[in-house]
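So the structure is just underneath, and the comments pick up after that.
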Amino acid sequence: MPIMPMATGSTDRRIDKLIHLLVKNATVVVPGPKIASEIGVTRFKVWRWIESLRLLGVEIRGVPAAGYQLVTIPDILAPSLLRAELGDHPIGHNIVHYFRAESTNAVALKLAGEGAEHGTVVVAEEQTAGRGRLGRAWYSEKSSGIYTSIILRPPLSPAAAPVLTLMAGLAAQKAVSAATGLAVDIRWPNDLLVNGKKVCGILTEMSAELDRLHCVVLGIGINVNHSLMPPELENIATSLRMEAHRGISRVQVLVALLREVERSYQLLLRNGNRAITERWEAASSFAHGKRVRVSNAAGETQGTTMGIDPSGALKIQYDDGRQESLVAGEVVEVK
Ligand code: BTN
C-alpha cells in the first residue's frame with residue numbers, strides 16, 4: 001500500500017483534520033461516514049489515509065460496520081496537534097507539515113521568498129537531503145527525530161545573525177531539558193550535547209542585503225527517538241531516548257521548542273544581544289576556560305575559551321599567545 005498521498009508536497013490539510021478528529025474522539029469508535037463528511041472526502045479516501053497512517057506507525061483499530069478508533073495518541077508532528085498546545089503567538093501560528101521533504105530549510109527558504117509570514121514553521125517526519133553545518137548532511141531517520149525550520153523576519157541587521165543562532169541554541173536547550181529532565185550542554189555556536197554526544201544541531205540560513213535582513217531560517221534537528229545511531233555517528237551523536245532510557249514525545253519537545261524560541265526572540269528584541277549572550281554563557285560549559293580545538297578556514301589550533309562577546313563571537317586564547325573572536329567554524333573539546 002503506497003503512502004503516496006503524503007509523500008510529495010506538504011501534507012493535505014484534510015489528513016491533519018483526520019488525525020485531529022481521531023485524537024479528539026480517542027475513546028470512541030468514529031463512524032467512517034462521519035469522518036468522511038467532517039473532513040470533506042469520500043469514505044474510500046478515509047480508508048486509504050487510515051491505511052497510510054498505519055504504515056507510519058499510527059495504531060488505529062478498525063471496527064467492522066462501526067468505524068475507526070485510535071489505539072494510542074500518535075506522535076506525529078501534525079499541525080493540529082501542535083497548534084492545540086501553542087497559544088496565539090507568531091511562532092507556530094502557521095505550521096506547514098511534510099511527511100517527507102528534501103530539507104525543511106530548503107522548503108522554508110522557498111516559502112520565505114514567496115512571502116511566508118514571520119513565525120511560519122516547516123516540519124517534516126523525514127528528510128531525504130537534510131542539511132548540516134559546514135556542508136555536511138543531517139541524518140534524518142523517519143518519525144524518530146524533529147526536523148523543523150522556523151522563518152523569522154527580525155527588524156535587525158545581518159550582523160544580528162550570530163546572536164540569533166545562539167538564541168536558537170539556548171531555546172532548544174531549555175526545551176529539551178524541560179521535556180526530558182536530561183542535563184543538556186551547549187557547544188558553541190549551538191550544538192546540544194548530552195553526556196558529551198550531540199543530540200541537536202542548528203543550521204541558520206538567511207536572505208539579506210548589506211544592511212537589511214529579509215529573513216532568517218532557523219533549521220533545527222533533534223535526535224529524539226532513534227534507538228541507535230548509524231556506526232559512523234555513534235561515537236559523536238546520540239538520541240534523547242538513548243540517554244533518557246525511555247521514549248520521548250516529539251510533539252511535547254517541539255511544542256516546548258516553539259514556545260522557547262518565541263520567548264527568547266522577544267527577549268532579544270526587548271533587551272538586546274547581551275540578554276542572550278549572558279544567558280548563553282551561563283548555560284554552556286564551553287563559554288569559559290574550556291580547552292578546545294578550533295577548526296576553521298585557517299586550519300586547526302588549540303586554545304582556551306574566554307567568553308562570548310556581545311556580537312555572539314567566541315573569544316579564544318590560543319596556546320601560541322594569539323587571541324581571536326571566532327565568528328564561524330567549529331570547536332571540539334580537548335580532553
Ligand atoms: C548541524 O550540522 O549541526 C546542523 C544540523 C541542522 C539540521 C536541521 S534538520 C531541520 C533543518 N533542515 C535541514 O536541512 N537542516 C536543518
Looking only at residues that are among the hydrophobic types (A, V, I, L, M, F, W, C) and touching a residue at least 40 places away in the same chain (Cβ under 8 Å) in the stretch 268-279, which one is farthest from Leu152 (Cα to Cα)?
Ile276
With respect to Gly169, determine if the residue is surrounded by fewer than 20 Cβ atoms within 10 Å (Cβ to Cβ) and under 13 Å from the mean Cα position of the chain (by Cα).
no
So which pairs qualify, if the first residue must be in the stretch 98-115 and closer than 23 Å to Leu56 by Cβ, the second must be in a helix (DSSP H, G or I) and near the ligand (Cβ under 8 Å from one of its atoms), the Cβ gap must be under 9 Å, and the two must be at least 6 apart or on different chains?
Tyr98/Thr104
Please name all residue pairs, on different chains or six or more residues apart, with Cβ atoms under 7 Å, provided the first residue is in the stretch 179-196 and is farther than 18 Å from Val255 by Cα and the second residue is within 12 Å of the ligand (Cβ to nearest atom) and small (Gly, Ala, Ser).
Ile186/Gly169; Pro189/Gly169; Asn190/Ala168; Asn190/Gly169; Asp191/Gly201
Among residues of the stretch 221-241 being touching a Gly at 6+ places or on another chain (Cβ under 8 Å) and of a type in the set (A, V, I, L, M), the residue nearest to the ligand (Cβ to nearest atom) is Ile222
Among Leu269, Leu258, Leu254, the single one that is within 23 Å of the chain's Cα centre (by Cα), surrounded by fewer than 16 Cβ atoms within 10 Å (Cβ to Cβ) and either within 30 Å of Ile73 (Cα to Cα) or not polar (S, T, N, Q) (or both) is Leu269
Matching residues in the stretch 34-76 - criterion: being touching a Lys or Arg at 6+ places or on another chain (Cβ under 6 Å) and polar (S, T, N, Q)
Gln69
Only residues that are more than 22 Å from Glu262 (Cβ to Cβ) and near the ligand (Cβ under 7 Å from one of its atoms): list them for the stretch 104-128, please.
Ala106, Gln127
In the stretch 135-153, which residues are under 18 Å from Glu262 (Cα atoms) and either within 9 Å of the ligand (Cβ to nearest atom) or out of contact with any strand residue (DSSP E or B) (no Cβ under 6 Å at 6 or more places or on another chain) (or both)?
Ile146, Tyr147, Thr148, Ser149
A careful count of residues in the stretch 60-75 that are under 16 Å from Trp49 (Cβ atoms) and part of a loop (DSSP other than H, G, I, E, B) gives 1
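Could you check the stretch 216-335 for strands (runs of 3 or more DSSP E) lying wholly inside it with 2 or more residues that are farther than 18 Å from Gly169 by Cα?
Per the criteria, 288-296, 299-308, 314-318, 323-326.
Just so you know, all these numbers are worked out from the coordinates, no wet-lab data involved. What you see is a predicted model, and the numbers here were worked out from it, not measured in a lab. When we count neighbours, we look across all protein chains shown, and the Cβ atoms used for this are built from the backbone with ideal geometry, even at glycine.
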